[in-house]
Every structure is written in structure tokens, then in C-alpha cells.
Amino acid sequence: MSICFIGSEIYRLPVFQPPHPLAVPRAMLAHDLCRALGWLADSQYIEATAATLAELARFHATDYLVALQTAEAQQSLPPDVSARTRIGKDANEIHPAVFRRPAISAGSALQAASLVAAGGAVYAPGAGNHHGMPDRANGFCFVNDIALAILRWRDLGIRRIAYLDLDAHHGDGVEAAFASDADILTISVHEAGRWPRTGTASVPANSIWNFPVPPGFNDTELRALMTSKVLPVLRNFAPDALIFLPGADALQDDPMSRLALSNNAIWEALAAVRGLAPRLAVLGGGGYNPFTLARCWAGIWAILNDIPVPEALPQAAQSVLRGAAYFRSAGRNPPPHWFEQLRDAPAEGAVRDEVKGFWA
Ligand SMILES: [Zn+2]
């Protein structure tokens, strides 16, 4: 079955400004890289349409959505509204597309859910705002497109839904949204002690599993955690549908976490779970090094389409990466593998006791 890639040209718009961590090309760069590699046919591509207010209101409070629209129209909010909604606070910056862009990400997630309602897999890397709360912005997330996709599946009669989040930060918004619903399984692997500092414990009775992992978390440790804990939990749950959130900030080259995975580990995790549910939606998530993110997320598209990853990137693909701007100091003297290869060097290592503790 052909797999669809849902993207949007809106991600070309540089909405955040340095030093905001999101002031880097992300989903669009992964999209351009897939195109340059010849991996993405026009027949597989869908340009996302914005979710409507009614669709967004399935999860979000109406007055919050109105505040988001007002923020875009006026590029500011009254102080009391900003204080309440956190729009324009906590680095949830008001930008020229602060309503439109999240609405399109949500649209892509909703389209993804609908597209595979009868079965199959779909990729929407612009979606994956796992921190969004019903009535407030949180962790650079204005709209929780993941919660909306889960609710879309629910509305289509799909009952048991699993969510696997490998982003370096705890998927707090998604967990909170479905904490009391044991038919929605949320699994989050994230760096212990990092913002938002939730996700410290599991509540198996409510289908909530959290794996706060130590700094330096490596490929061998993720493989062991998947094999010993995550895969058994998923198999036992027997989901009707699965959302996989790779993130790209648990990777060694990402500046926002101290986790040390290579992209091989994320790809291996996806390959391990893709057959565990008849419906699969792969979204994006965090990731703040554009080269690391784009290579990881292009590789995800390769996995989904059973395309072998090449040893060296062809010139056209290298040109796409070399054309991307990265404002951090690491961008001034970048290592060759950021441009020349898709695959990172494997980051194998010892499985430490803190990790073994999750199943021992
Ligand atoms: Zn993150």
C-alpha cells in the first residue's frame, strides 16, 4: 500500500527568530531532503489544510483558540490573557503565523488519522506538538495536534490507541489528555530531570508508562528498553492504532538534551513497532539541530517505504543540507557527517543500571 507524506509549505516561513530554539528549518528540510533523494513522489504527497476552529475545539477551549487568533492578528495580547494562556510567555512566542501554523499542523495530524482509518501507515512530520494543553500554550506548542489525531480516531470508532513518544522531553500534554482513559496507552521515553520534569512514574492501570532515562542514553540502551519493556507493553495492549513520535532531540547532535542516541536507534525502534497495529501515524516532534533532524526524519520516510539508506548522500541531497542555516555556534564549523551521510555512526554502549532498573 502506498504511504502518504502530509506536509505544508507553511514550514518554509521562518517564524521564530534566533536565539529561539525553533529558529531552524525542520520538517521542511526533511521534506526537501526526501525530494532530493528521489524518495517522495508527487502521488504520495498531500499538502495539509488547516484544521477548522470546530476541529480544534474538539480538544482546545474556545476562548483559548480565540486568544491564539487574536495574537496572530494583533501580534500581541492583553497582559491578563497572555498570563492565563501563556501565549507570548515562557518562550511560546507570538509570531506572524502563531494561529495558522499550529492549525495546519493540526490539520495534517487530523488528515493523517483519517487517511489510515481503514488501515495503513502515514507520515506527517510537521505535527507532533506533544506539550500543548487544552487552554494554554506549553513548551513551544500552541495546539496539541497529537491529542486531536487520537480524538479523530476515537470519533471514527477506533478504540484502543497507543502513543509512543521518543522525544527527549516528556509527552506531558498527551499523557494529561488521556490520563484517565485506560484504552489510550501513552509511553514516553525522555531525559530524567529535564523540563517539564513530569513523567517520573508509570501508572500501568491507566495505561501510562514513563521511562525517564539518564544523560548519555545510547543506542544499546534504547534497544534493551524496547525489547525488555516497551514492545511487551505494546503487544500486550494490542492497539487498534499507533502514533509514533520520533522527535529528533534525543539524538547525540541535538543541543537541547543530553541524550546520546544515533538516528539508527530511532529507525530501529520504528521498524520494531510498525507492525504492532493495523494503523500507524508517524509524526515529528522536537529537534533543534536542523541537519540531525532532517537526516533522521528522512530516514524515517525510508523505513516506512522500505527504501535502503545509502552509504553516502548524493550531491543534490548534500546541497539541500548545506543550504540550511543553523544559528548556533556548532553551525559555524559543522562536522562532515551532517551533510555527507544520512546515517549517524552507531552509538552503542553499556546498558547502565538506571536503565536496567525499568525491567529488572
Ligand atoms: Zn523535545
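Derivation of every value follows stated rules applied to the coordinates shown; laboratory data play no part. Just so you know, these numbers come straight off a predicted model, no measurement behind them. Cβ: placed from backbone, ideal geometry, glycine included. Neighbour counts: every protein chain shown.
Using packing as a proxy for protection, rank 276-283, 71-78 so that the peptide with the highest average count of other Cβ atoms within 10 Å comes first.
So the peptides 276-283, 71-78, ranked by packing, come out 276-283, 71-78.
Between the DSSP loop rule and a limit of at most 15 other Cβ atoms within 10 Å, which chymotrypsin sites (Phe, Trp or Tyr not before Pro) in region 319-360 are left?
Those that pass, being in a loop and sparsely packed, are Phe327, Trp359.
Using a basic spin-label model with each label point 7 Å from the Cα along Cα→Cβ, how many nm lie between His20 and Ala97?
For His20 paired with Ala97, the spin-label model returns 1.2 nm.
Starting from the Cα of Ala345, step 7 Å along the direction of its Cβ; do the same at Ser319; then give the gap between the two resulting points in nm.
Distance between the two pseudo-spin positions: 3.0 nm.
Could you tell me what percent of the DSSP beta bridges with both partners in region 4-356 are antiparallel, to the nearest 5?
Looking only at bridges with both residues in region 4-356, the antiparallel portion is about 10 percent.
Roughly what % antiparallel, to the nearest 5, for the DSSP beta bridges in region 139-217?
In region 139-217, DSSP labels about 10 percent of beta bridges as antiparallel.
Note down the magnitude of the dipole of the chain about its Cα centre, charges +1 on Lys and Arg C-beta and -1 on Asp and Glu C-beta and zero elsewhere, to the nearest 20 debye.
80 debye
How would you order 226-233, 259-266 from highest to lowest mean count of nearby Cβ atoms within 10 Å?
259-266, 226-233
Is the C-alpha gyration tensor of region 37-142 telling us rounded, prolate or oblate? Criteria: a/c under 1.5 is rounded; beyond that, a/b larger than b/c is prolate, otherwise oblate.
Prolate shape, in that a/c is at least 1.5 and a/b is the bigger ratio.
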